[in-house]
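Structure record follows, encoded as structure tokens.
The values are calculated or read from the model by the stated rules, or taken from the named source; none is laboratory data. Remember, it's a predicted structure, so these values are computed and weren't measured experimentally. Here Cβ is always computed from backbone atoms with ideal geometry, including for glycine, and neighbour counts include all displayed protein chains. All accessible areas refer to the heavy atoms of the entire protein, side chains included, with ligands and DNA or RNA removed. Shrake-Rupley method; radii C 1.70, N 1.55, O 1.52, S 1.80 Å.
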Amino acid sequence: MKLRIQNGRLIDPSQGIDTVTDLFIDNQKIVAIGHAPEGFDEAEILDASGLWVLPGLVDLAVSLREPGQTQKGSIATEGRAAVAGGVTTLICPPDTRPIVDTPAVAALIQDKADDAGMANVFPLGALTQGLEGAQLSNMVALTDAGCVALSNHRYPIASTKVLARALEYAATHDLLVVFHPDESSLSEGGCAHEGLVSTMHGLAGIPEEAETIALMRDLLLVEKTGVRAHFARLSCAKSVEMIANAKASGLDVTADVAVHNLLLNDQVLSRFDGQYHVLPPLRSDEDRLTLIEGIKAGVISAICSDHQPHEKMAKIAPFAATEPGMANVEILLPLAMQLMDEGDLDFSTVLTCLTSGPAGCFGLEAGSLSVGSFADFILFDSTARWVWSYETRKTKGHNSPYLEEEFVGRVMATYISGQRVYQVV
Amino acid sequence: MMRSEPRAVQLNEHGQLKHFLTLDGLDKTLLTEILDRAESFLSMGEQSVKKVPLLRGKTVVNLFFENSTRTRTTFELAAKRLSADVINLNIETSATSKGESLLDTLKNLEAMQSDMFIVRHSDSGSAHFIAEHCTPNIAIINAGDGRHAHPTQAMLDMLTIRRHKGGFEGLKVAIVGDILHSRVARSQLQALTTLGVSEVRLVGPKTLVPSFFAEMGATICHDLEAGLKDVDVIVMLRLQKERMKGALLPSESEFYRLYGLTVETLAWAKPDAIVMHPGPINRGVEISSEVADGKQSVILDQVTNGIAVRMAVMSMAMSGQLQSADSSAAGEEK
């Protein structure tokens with residue numbers, strides 16, 4: 001079926017395009033920009049006047065909670081939330097129950113995602129069996145079953161020998177490994193950035209060294225083994241410097257950051273509001289600003305939602321007893337655009353970090369509207385004012401400090417392979 | 001729901017206490033009012049009839065998720081002297097039990113139409129959590145939440161200091177020991193700073209005295225002699241045995257050797273310095289028996305003052321609740 005998206009402002013940083021033009025889609029793919037190819041006289045026309053036409057977003061961290069924790073979310077509900085947020089491609093972590101350490105679980109997730117017909121879902125496979133940090137997982141089988149990379153998530157690998165061997169093995173087969181740098185003996189029991197705010201409020205701190213010591217170890221092992229590496233959810237200023245140095249020395253590594261670590265600092269914890277309990281924790285304003293600098297400098301190439309839906313009761317408790325995480329995939333784009341309001345980042349940079357940036361980290365063919373790509377795109381109303389309400393939210397999660405807040409800019413429709421999967425009614 | 005800061009939650013629209021969660025954000029006038037009111041209750045304690053009817057007909061629930069005999073008993077006595085009916089609940093919490101049970105417990109107690117909860121819980125911020133999740137007309141008094149705050153303990157310490165020293169101006173105060181885990185030290189630091197002492201020193205090894213306390217207005221000392229030099233008030237904190245297991249200290253004996261308060265080390269302070277301890281004391285771990293029982297020790301005065309301070313805070317919070325209810329009822333009529 002042929003489709004002509006007419007008169008929208010097409011913005012695609014991967015091609016350096018920002019102009020009002022037409023987009024032509026045929027047989028799931030983008031076939032032309034600007035001038036109609038032959039045979040498009042009869043095409044369906046969609047008037048996008050006044051709207052922005054953007055590549056579908058690529059989110060490197062969306063917990064779907066299925067299998068195993070469907071009281072928090074499911075592939076269907078979180079998939080719907082993702083496309084409502086304009087996310088057309090997502091990576092889900094291996095910490096499901098059972099864990100993604102067998103091809104069967106990886107296949108189950110992808111089959112259910114296909115049935116749901118929502119975003120393109122790519123699972124991460126466990127780096128070690130059961131994420132227990134002892135025995136290597138069947139990495140090649142997992143990759144063959146559709147896992148795009150391997151990760152031990154935030155679960156510790158206490159033995160450096162095990163980690164080194166896992167990386168050597170992954171390197172043997174040219175597999176990508178995703179690191180969540182965390183020295184668990186330092187972060188254990190902590191719930192907040194170790195600093196003045198946590199000290200004043202008596203919240204057990206997580207020092208920045210929990211991240212940087214692990215990051216240093218990981219970087220040394222990446223250098224030694226030559227494994228392809230991506231560093232996920234950086235939170236400290238020093239980590240940005242360390243990744244920058246690693247890149248400068250020729251190491252081929254990439255990094256991402258959760259959007260809330262760019263927008264919030266530990267000052268918000270003075271209310272003891274469990275909605276702000278996240279891991280890695282919200283850190284100091286200096287850390288936050290350095291992460292933003294890291295994006296400007298290209299050290300960090302992806303911004304993710306780090307979507308972690310929870311049932312209501314998971315957050316109704318004293319701060320330390322709440323479960324960590326926010327469920328923000330639905331508002332990822334307007335949230336990330338708040339980084340522009342402060343004059344920190346331009347839209348092109350923000351959009352790159354939500355599209356071609358993350359796609360590049362994982363080598364995914366996504367996040368671009370170039371001719372020949374699958375037609376994953378969104379129609380965005382940059383001036384729409386709307387309230388993300390509890391009643392109309394798509395995620396099953398109850399946990400976001402942004403619920404019932406007003407946003408400027410709204411995803412009006414989402415298309416995957418040329419098919420509309422979401423539209424504001 | 002966006003939560004508010006504890007300091008905002010605990011005051012009604014007239015700026016009066018309706019809960020007592022933390023000393024953070026309370027001004028000198030309010031702290032002085034608590035002390036003045038406590039003084040008036042103190043003299044009452046010496047009379048043969050020790051009751052006043054300020055909380056008559058009110059139900060006070062002592063809700064202790066963490067064990068404590070002394071604090072619970074003084075709260076109970078304070079409530080009874082205010083003529084309230086008192087229920088004691090000791091709820092053991094296991095490490096795995098989460099907010100569900102806490103919230104359910106609260107809802108059940110609410111349904112019994114209580115008027116005031118005295119809460120102790122091992123999580124920082126729990127008193128604030130309870131104040132935000134209970135029906136608004138129940139006064140919440142924080143009897144210690146995690147490492148965060150123990151405001152009635154700090155105020156009874158302030159009363160003890162004022163009664164012995166006449167005031168706060170110009171005083172130098174040393175707090176010695178496990179500051180990191182101490183809700184008492186945090187609340188004391190806030191009270192002392194607000195009441196205008198000239199210096200608060202926090203004394204202990206780096207493992208127990210994080211540097212961030214300097215940003216809260218304290219002077220940090222790692223050496224006991226420097227810490228005690230010329231001070232008017234010494235507060236010794238209890239050292240928990242778990243701290244040795246957590247690799248924060250080598251041993252009790254080494255701690256005592258470096259930071260223990262003995263007749264010899266007490267001599268570094270002013271000759272008329274008073275010695276306080278929130279209790280229960282570990283003799284021979286943080287303080288020697290000679291000092292604990294000596295004439296500079298005011299540890300037992302603290303206990304007596306504790307009842308008066310708790311009476312003051314409970315009566316103020318209850319009246320703040322009623323004033324708040326009155327004005328909201330009046331607002332509805334308009």
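Numbers below:
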{"item": "Backbone N within segment A:164-185 under 16 Å of label point (7 Å from A:Asp144 Cα along the Cβ vector)", "result": "A:173-175"}
{"item": "Exercise: per-residue mean of other protein chain Cβ atoms within 10 Å, A:200-210", "result": "5"}
{"item": "Inter-probe distance in nm under a simple model that places probes 7 Å from Cα toward Cβ, at B:Met112 and A:Ala158", "result": "4.3"}
{"item": "C-alpha center-to-center spacing [segment B:256-272, segment A:186-203] in angstrom", "result": "32"}
{"item": "Taking chain A and dividing mean pair separation by its residue count, relative contact order in percent (alpha carbons under 8 Å, at least six apart)", "result": "19"}
{"item": "B:Asp301/B:Met44 FRET efficiency (R0 22 Å; Cβ-Cβ; nearest 0.05)", "result": "0.85"}
{"item": "Computed E for A:Lys247/A:Gln15 - FRET, C-beta separation, R0 22 angstrom, nearest 0.05", "result": "0.35"}
{"item": "Cut-off 17 Å, label 7 Å out along Cα→Cβ of A:Glu42, residues of segment A:1-18 by amide N", "result": "A:1-4"}
{"item": "FRET efficiency, 1/(1 + (r/R0)^6) with R0 22 Å, evaluated for A:Glu286 and B:Ala214 via beta carbons", "result": "0.80"}
{"item": "Potential extension, A:Lys238-A:Thr172 segment - 0.36 nm per residue separation minus Cα distance", "result": "20.7 nm"}
{"item": "Carbon + sulfur, % of accessible area of segment A:15-60 - ligands and nucleic acids excluded, 1.4 Å", "result": "43"}
{"item": "Distance histogram for segment B:243-334 (every C-alpha pair counted, 10 angstrom bins, percent rounded to whole numbers)", "result": "14, 28, 20, 15, 12, 9, 3"}
{"item": "Cα-based helix-to-principal-axis angle, A:237-248 vs chain A, degrees rounded to 10", "result": "70"}
{"item": "Angle in degrees between helix A:209-225 and the longest Cα principal axis of chain A, rounded to the nearest 10", "result": "70"}
{"item": "Hull-based mean projected area of chain B, where the convex hull spans the alpha carbons, in square nanometres", "result": "17.7"}
{"item": "For segment A:56-362, size of Cβ-based charge dipole, Lys and Arg +1, Asp and Glu -1, in debye", "result": "400"}
{"item": "Calculated P(r) of chain A - Cα pairs past 40 Å, %", "result": "13"}
{"item": "At least 15 Å along the helix axis (C-alpha) and Kyte average at least -0.5, DSSP helices within chain B", "result": "B:28-45, B:99-111, B:183-195, B:299-333"}
{"item": "Karplus-derived HN-Hα couplings along segment B:285-290 (A = 6.51, B = -1.76, C = 1.60, θ = phi - 60°), whole Hz, x at Gly and Pro", "result": "10, 10, 8, 7, 4, 4"}
{"item": "Separation of alpha-carbon centers, segment A:327-383 and segment A:384-425, rounded to whole Å", "result": "15"}
{"item": "List B:Leu300, A:Leu332, ordered by accessible area with a 1.4 Å probe, largest first", "result": "B:Leu300, A:Leu332"}
{"item": "Cα shape, segment B:180-305, gyration tensor, a/c 1.5 rule", "result": "rounded"}
{"item": "Radius ratio Rg over Rh of segment A:81-149, counting only Cα atoms, Kirkwood formula for Rh", "result": "1.01"}
{"item": "Only Lys, Arg (+1) and Asp, Glu (-1) charged, at Cβ; segment A:93-145 dipole about Cα centre in debye", "result": "80"}
{"item": "Per-residue [θ]222 nm for the protein assembly as shown (sum of -39500 (n - 2.57) over DSSP H runs n ≥ 4, rounded to 500)", "result": "-10500 deg cm²/dmol"}
{"item": "Inter-site label distance for B:Thr29 and B:His164 at 7 Å from Cα along Cβ, in nm", "result": "3.1"}
{"item": "Segment A:56-362 - accessible surface per residue (Å², probe 1.4 Å)", "result": "31"}
{"item": "Cα-projected label distance for B:Thr69 with B:Lys51, points at 7 Å along beta-carbon direction, nm", "result": "2.6"}
{"item": "Gyration tensor verdict on segment B:21-68 (Cα atoms; rounded if a/c is under 1.5, prolate if a/b is larger than b/c, oblate otherwise)", "result": "oblate"}
{"item": "Within the accessible area of chain B (1.4 Å probe), percent carbon and sulfur", "result": "50"}
{"item": "Net charge, B:Met244 excluded, C-beta distance under 13 Å - Lys, Arg +1, Asp, Glu -1", "result": "-1"}
{"item": "Filter on A:Lys315/B:Lys18; B:Lys18/B:Lys107; A:Lys2/A:Lys396; A:Lys315/A:Lys394; B:Lys245/B:Lys295; A:Lys238/B:Lys245 - keep pairs with C-alpha separation over 28 Å", "result": "A:Lys2/A:Lys396; B:Lys245/B:Lys295; A:Lys238/B:Lys245"}
{"item": "Hits among lysines - C-alpha to C-alpha of B:Lys51 under 21 Å, sequence gap 8 or more where chains match", "result": "B:Lys80"}
{"item": "Fraction of beta bridges assigned by DSSP in the protein assembly as shown that are antiparallel (%, nearest 5)", "result": "35"}
{"item": "Base-10 log of normalised Debye intensity for the protein assembly as shown (one unit scatterer per alpha-carbon) at q = 0.07, 0.12 Å⁻¹", "result": "-0.59, -1.26"}
